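The values are calculated or read from the model by the stated rules, or taken from the named source; none is laboratory data. On a predicted model such as this, the values are computed, not experimentally measured, just so you know. Cβ sites come from the backbone with ideal geometry, for glycine too, and all protein chains shown count toward neighbours. Surface accessibility is based on the protein's heavy atoms, side chains included, excluding ligands, DNA and RNA. Shrake-Rupley method; radii C 1.70, N 1.55, O 1.52, S 1.80 Å.
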Amino acid sequence: MRKGLWLFGGLLLAMLVLSACGAKSKEDVTKGLDKKVGELKGYKAKAKMTLEVGNEPQVYDIDVWHHKPGDYRVHLKNAKKEQSQMILRNKSGVYVLTPALNKSYRFQSDWPKNSSQAYLYESLVKDVLADKDAKFKSTKEHYIFETKTRYQNQKMLPTQEITFHRKTLEPVSVRVMDTDKNPVVTVEFTKVDFDAKFDDDAFDTKKNMTSAQLEVPVLADLSTKEFTVKYALAEIPGVKLSEEKAIETDRGKRVILTYEGEKSFTLIQEKAEVVPTASMETVDMDGEMVDLGFAVGVMNDHSIVWSEDGVDYMLASTDLTEEELVSVARSVQGDTVK
């Protein structure tokens, strides 16, 4: 009997030792992620991004290409809308393409190095490496990190939960959370190819504009198309909509929303101008690129401008901080007054 108990105890101890040897620590996984990124020559990824802003979640398809050292192509599409946007980085600079308007905006920017990017693998790994206090847990199939973010509005979106596959270290999902740990942005990766191949002109600006326009044709005459006024849904204590004014311009209707309080701001929206299909317009931008999730905007002193679904928006305020400007711009999704 004693011999049987000793044998059972020995087997149990051996199993525990083997189990401990097979379990990877936070440091082991972090080193593995760092090595994986270092060895990659490029990748392609597909994902679905959900923004929890407005009356109902907004879902976008994201198609990501990255080829080292610095070529990027991020195509953001919403099937319910007539417009898509593409962020393109090549040897000539950083471009934001709006195919439906036949417009291209060129930035002098170090994007994507200057901020967290929930849909870029190397950015997620950088966030993990940068946060020495990141929380870590391991499941049967996944490694999960909770880290600080590096967003422009970090105070509004301070943390994120990043999930990787145990076997391949591929990204599975990202949940970017507000101060109450509610998910505001969720990215779910549906396909990742770490052995992707690229043509020599894969990141060419004109080629990508043309291919994107085959998916989302240039918009027809906007003068015959009405747009729905959108309102800022961000909760700012003591601030409310005080005036809504519409004026007629040579481009159609322009709507001016004035919000008053301790943090006053103005939101202007009007139909975008479409460039004739014969030639693509490229505009050099002086401001800073701002990722709003559903679109890429431009931030200058006290203002952000962006285009979405055939409408141009401008948010301006001398009271809001840059983080608050980004937060309010991200919230312009509602068609009812809040």
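Using the Cα centre of the chain as origin and beta-carbon charges of +1 (Lys, Arg) and -1 (Asp, Glu), tell me which of LEU320, HIS142, ALA47 is placed farthest towards the positive end of the dipole. Among LEU320, HIS142, ALA47, the one farthest towards the positive end of the dipole of the chain is HIS142. Counting every alpha-carbon pair across segment 152-202, the share separated by more than 12 Å comes to 69%. Give the shape of segment 96-243 as rounded, prolate or oblate, defined through the alpha-carbon gyration tensor: a ≥ b ≥ c are the square roots of its eigenvalues, a/c under 1.5 means rounded, and otherwise the shape is prolate if a/b is larger than b/c and oblate if not. The shape class here is oblate. The slack in the chain from LEU214 to LYS181, taken as 0.36 nm per residue of separation less the alpha-carbon distance, amounts to 7.9 nm. Between VAL172 and THR163, PHE164, HIS165, the built amide H atoms are under 5 Å apart, and every one of these is 5 or more places off in sequence or on another chain. Counted residue by residue at 0.36 nm each, then reduced by the alpha carbon distance between them, the extension gain from HIS165 to ASP61 reaches 35.3 nm.
If you sort the three axes of the alpha carbon gyration tensor as a ≥ b ≥ c, you get a/c of 1.5 or more for segment 139-224 and a/b no higher than b/c, which makes it oblate. Once log10 I(q)/I(0) by the Debye sum over Cα atoms at q = 0.08, 0.13, 0.14 Å⁻¹ is calculated for the structure shown, the corresponding label among [x] -0.54, -1.05, -1.15; [y] -0.44, -1.03, -1.17; [z] -0.35, -0.96, -1.11 turns out to be [y]. Among bridges DSSP assigns within the chain, what percent are antiparallel (round to 5)? If we restrict to bridges inside the chain, about 95 percent are antiparallel.
The helix-based estimate of mean residue ellipticity at 222 nm for the chain, built from -39,500 (n - 2.57) per DSSP H run of four or more residues and divided by its residue count, is -6000 deg cm²/dmol to the nearest 500.
Between SER104, SER307, SER138, the residue with the greatest mean-square fluctuation in the GNM of the chain (Cα pairs under 10 Å linked by springs) is SER138. For segment 41-175, give the percent of accessible area contributed by carbon and sulfur heavy atoms, probe 1.4 Å, rounded to a whole number. It is 51 percent, rounded to a whole number. Counting only protein heavy atoms and a 1.4 Å probe, segment 65-190 has 44 square angstrom of accessible area per residue. Label positions at LYS140 and LYS48, each projected 7 Å from the Cα along the C-beta direction, are separated by 2.4 nm.
Under 17 Å from a label point set 7 Å out along the Cα-to-Cβ vector of GLU226, no amide N atom of segment 56-71 is found.
Could you tell me which of rounded, prolate or oblate describes segment 248-306, using a ≥ b ≥ c as the square roots of the eigenvalues of the alpha-carbon gyration tensor, with rounded for a/c under 1.5 and, failing that, prolate when a/b is larger than b/c and oblate otherwise?
The shape class here is oblate.
What is the angle, in °, between the Cα long axis of helix 26-39 and the longest principal axis of the Cα atoms in the chain? Nearest 10 is fine, range 0 to 90. Between the helix axis and the principal axis of the chain, the angle is about 60 degrees. Remark: the ASP28-LYS113 segment gains 28.1 nm on full extension, using 0.36 nm per residue and subtracting the alpha carbon distance.
Report the residue, chosen from ASP204, ASP286, ASP28, that carries the largest GNM mean-square fluctuation when the chain is represented by alpha-carbon nodes joined by springs under 10 Å. Judging by the Gaussian network model, the answer is ASP28. For the pair ASP200 and ASP301, label points projected 7 Å from Cα toward Cβ lie 4.6 nm apart.
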